[in-house]
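First comes the structure, then the notes that go with it.
The values are calculated or read from the model by the stated rules, or taken from the named source; none is laboratory data. In this text the structure is predicted, and so the values were computed from the model without any measurement. Every residue, glycine among them, receives a Cβ derived from its backbone with ideal geometry; neighbour counts consider all protein chains shown.
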Amino acid sequence: MSISLLRTIRSTVVICSFPKIMASRQSSDMPKFREALRSAKEIVVLSGAGISAESGIPTFRGAGGLWRTYEAASLATPGAFRSNPSLVWEFYHYRREVAAKAQPNAGHLAIAEYEARHGADKKITVITQNVDGLHARAGTNDLIELHGNLFKTRCTKCKEVLANNDSPICEALAGRGAPDLNVRGSDIPISSLPHCQKAECGGLLRPHIVWFGENLNPAVLEKAKTAMSTCDVCLVVGTSSVVYPAAMFAPEAAARGAIVAEFNLEPTPATSEFHFYFQGPCGTTLPQALAE
Ligand SMILES: NC(=O)c1ccc[n+]([C@@H]2O[C@H](COP(=O)([O-])OP(=O)(O)OC[C@H]3O[C@@H](n4cnc5c(N)ncnc54)[C@H](O)[C@@H]3O)[C@@H](O)[C@H]2O)c1
Ligand SMILES: [Zn+2]
């Protein structure tokens, strides 16, 4: 641990003293983490697909990472949409239907309830890589959706972004999107896919999602970076910490002296950078960490 890290820890109101943190690097001491949380004035929860796994929404890595014979992440690209918009819309139609039927779980609710209890005396921000809308449905108010939202569309021509909860999003997608391995191909004509309703435009709509290889919205990224750069405590929940730029947020916060706690089923490439590591399903570990 560097001298500057020591200095930063001492300048914050976090209770853990430097020697304790040295001794408890990657500690799983829940009472000690809760002590740090009590002293914190600014808290960030950085979440990934793992927080929604217990709501039945597949993650991209691990058992749920395949849709038909495709790796899910390979369909979340501008190239896939260009070469087969019908296939990519079927994939997103499937994901919208799964997310719409899912319910926020104990992990989402613990975060929203913590904000409701402490939002008046602490700044509590949730930065999520998820696009399923479950944090908002759980009641989280201060929410930054880094990668967009399944229930928003963007016109490829006029760029208008609109909320859209229709099910199905267009007639041609009704009954489509089955994830089964034996379903092959996708042949919906482009003219039957969702289109911009503005008479003067009529462009093809796409999901308002930041796909792999695309840039994050600069204003959204800036807001997230600001929250990350001032927080005293950060909870990193259910993310494999391999998708940038979000993957560097928590290691950077830890390096400048914020107390970072990771909640995951298994260690990630970033685990060794953090102070606390709580292994297990976050639907169980988060309510413990955030309880009174
Ligand atoms: N729910 C969603 O909105 C959703 C779903 C899949 C993918 N994505 C997108 O795909 C990208 C994937 O990156 P990522 O890091 O978010 O997810 P990821 O799929 O790469 O990793 C998921 C992580 O969650 C952990 N995990 C799984 N179940 C867990 C549980 N019950 N409790 C705690 N941890 C658990 C896994 O060990 C893994 O480290 C992101 O850009 C995201 O936008 C979003
Ligand atoms: Zn348009």
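Asn164 fails exactly one of the following numbered conditions: (1) surrounded by 12 or more Cβ atoms within 10 Å (Cβ to Cβ); (2) polar (S, T, N, Q); (3) away from ligand 2 (no atom under 16 Å from the Cβ). What is the number of that condition?
(3)
Pick out the one residue from Arg154, Arg137 that is of a type in the set (Lys, Arg), closer than 29 Å to Met248 by Cβ, within 16 Å of ligand 2 (Cβ to nearest atom) and surrounded by fewer than 23 Cβ atoms within 10 Å (Cβ to Cβ).
Exactly one residue qualifies, and that residue is Arg154.
Yes or no, residue by residue, for (1) surrounded by fewer than 14 Cβ atoms within 10 Å (Cβ to Cβ); (2) within 16 Å of ligand 1 (Cβ to nearest atom); (3) not in a loop (DSSP other than H, G, I, E, B):
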| site | (1), (2), (3) |
| --- | --- |
| Arg176 | no, no, no |
| Val183 | no, no, no |
| Asp187 | yes, no, no |
| Leu205 | no, no, yes |
| His208 | no, yes, yes |
| Phe212 | no, yes, no |
| Leu221 | no, yes, yes |
| Cys234 | no, yes, yes |
| Glu266 | yes, yes, no |
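Provide a single number: the residues in segment 1-37 that are in a helix (DSSP H, G or I), surrounded by 14 or more Cβ atoms within 10 Å (Cβ to Cβ) and modelled with pLDDT of 50 or more.
Residues meeting the conditions: 7.
State which residue is farthest from ligand 2 (Cβ to nearest atom) when the search covers only segment 74-88 and only residues that are of a type outside the set (A, V, I, L, M) and under 21 Å from Leu146 (Cα atoms).
Among residues in segment 74-88 that are of a type outside the set (A, V, I, L, M) and under 21 Å from Leu146 (Cα atoms), the one farthest from ligand 2 (Cβ to nearest atom) is Ser74.
Give the residue that is surrounded by the fewest Cβ atoms within 10 Å (Cβ to Cβ), with candidates limited to residues of segment 268-292 that are touching a Pro at 6+ places or on another chain (Cβ under 9 Å) and aromatic (Phe, Trp, Tyr).
Tyr277
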